[in-house]
Every structure is written in structure tokens, then in C-alpha cells.
Amino acid sequence: MARVVCYDPRHNITLSQMRLMQVVHVFTTFQNQMVEFENNPDIKSVLIFENKGEAVGVSNSHPHCQIYAVDFSFKLVEQQIALAQRYHATHHQNLFEEIIIQEKKDATRVIAENENAIAFIPYFARYAYEVMIFPKKNHQTLISLSSQELTDLASVFHQVVRRMDMNFNMDFPYVLSFMQGAR
């Protein structure tokens, strides 16, 4: 199943140009889609993603994202979960909590943070300008985030994309994907 989420009826407004509460509405739409997919036994994984800008291959200039709900598990998600399970078995700690602790301790790569979410350039960045945005509490999918946690996640995301636009003095291109556990 594939769906498209358009952010705004205006054909030139990106998430970074929207007001925070509009971005929260978009994130709430993502969460609602996840709830709907959870009730479908044929869906095993959901990928929510946006490719923004010609530099990353966008052919449709109307800002939007896509949601793919599929009947299999995404290999990258499976690999990430397996790594986290091995880390837990070895260290008796949650890998993602440990990453957040280390990034906060170092503090040099933290871009934005609030009570429930944090954004940072990971120590192990694989790409130029890679940013990870995590909720601070453990959530397998967007479904379990409270309203405030979802708002805080959207707020941190909004701060990051606005800062990228301002830093580079342009509508900065990016690839956004939500990494979520499979059922």
C-alpha cells in the first residue's frame, strides 16, 4: 500500500517554512496512519519518507512525503534491531539510550533538544549533514508517542530543518525517513 501526504495546499511550502503547529499536524497524520496500519494483519512494516529537493532526485516540486506499508520487514530495520539486540545481550543496556547519553555527554554534535526529543549529528555519521532525531523514551513506532512527545519530536525536527535552511541560505535538500520497528 502506498500513500502520499501533502503538507500544505500551497504548492511551494516546505516543512521548514510552516509554523510548528502545522508540522505537528503532519506528524500527527503520520501517527494516525501508523494506527490504521497496525490494525491490518497483512502489513508488517511501514516506511515514511520524504525526498526534498532536486539534489536528492525529487521530480515533483510540491512538498510531500510518501508512506509505504508492506507485507514484509525491511532489511535495514531488521539489521538495526538485530544490532540493538546483540548490544543489549552483551552490555545489558539499550543501544539507543546509550547513543543519546553519549551524544548529550559530548554535547558538540547536539543540534536541538527539548524534554522529549533530541537531534544530533551522530559520531558515526555515514553521510554529509546526517542528523538523527530520537525520542528520548523507548518507542518501537510512532504509535506509542504521547501527544506531547509527538509535538516535541516535531519541534526538534522543525528546528533542524529551519537551521539547515538558514545555515545554507537556501531551501536545504534532504532525505527524511522514520526508522520504526516491524511487527
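Testing Tyr129 on (1) assigned to a loop (DSSP other than H, G, I, E, B); (2) at negative phi; (3) not small (Gly, Ala, Ser), one condition comes back false. Which one is that?
The single condition Tyr129 does not satisfy is (2).
Which pairs do you get when a residue that is over 22 Å from His139 (Cβ atoms), found in the range 158-183, comes within reach of a residue that is aromatic (Phe, Trp, Tyr), reach meaning Cβ atoms under 6 angstrom, with the pair 6+ apart or on two chains?
So the pair list comes out as Met164/Phe172; Asp165/Phe172.
Run down Arg3, Arg10 and say which single residue is among the basic types (Lys, Arg) and in contact with a strand residue (DSSP E or B) (Cβ under 7 Å, 6 or more places away or on another chain).
Matching residue, one of Arg3, Arg10: Arg3.
If you go through the range 56-71 one residue at a time, do you hit one that is touching a Pro at 6+ places or on another chain (Cβ under 7 Å), in contact (Cβ under 8 Å) with a residue 60 or more places away in the chain and surrounded by fewer than 17 Cβ atoms within 10 Å (Cβ to Cβ)?
Yes: one or more hits.
Being over 23 Å from His64 (Cβ atoms), buried (at least 20 other Cβ atoms within 10 Å of the Cβ) and more than 12 Å from the chain's Cα centre (by Cα): is that true of Phe172 here? Give the steps one after another, and end with the answer.
Details: over 23 Å from His64 (Cβ atoms): no; buried (at least 20 other Cβ atoms within 10 Å of the Cβ): yes; more than 12 Å from the chain's Cα centre (by Cα): yes.
No, not satisfied.
Return yes when Ile101 is more than 27 Å from Gln33 (Cα to Cα) and assigned to a helix (DSSP H, G or I) and no when it is not.
yes
Tell me which residues, restricted to the range 161-174, are farther than 19 Å from Val110 by Cα and aliphatic (A, V, I, L, M).
Met170
Residue by residue through the range 144-158, note down the ones that are touching a helix residue (DSSP H, G or I) at 6+ places or on another chain (Cβ under 9 Å), surrounded by 16 or more Cβ atoms within 10 Å (Cβ to Cβ) and assigned to a helix (DSSP H, G or I).
Across the range 144-158, the qualifying residues are Leu150, Thr151, Leu153, Ala154, Ser155, Phe157, His158.
Taken together, the values in this text are just the output of simple stated rules run on the coordinates, not laboratory data. Please read these numbers as outputs of a predicted model, since none were measured by experiment. Every residue, glycine among them, receives a Cβ derived from its backbone with ideal geometry; neighbour counts consider all protein chains shown.
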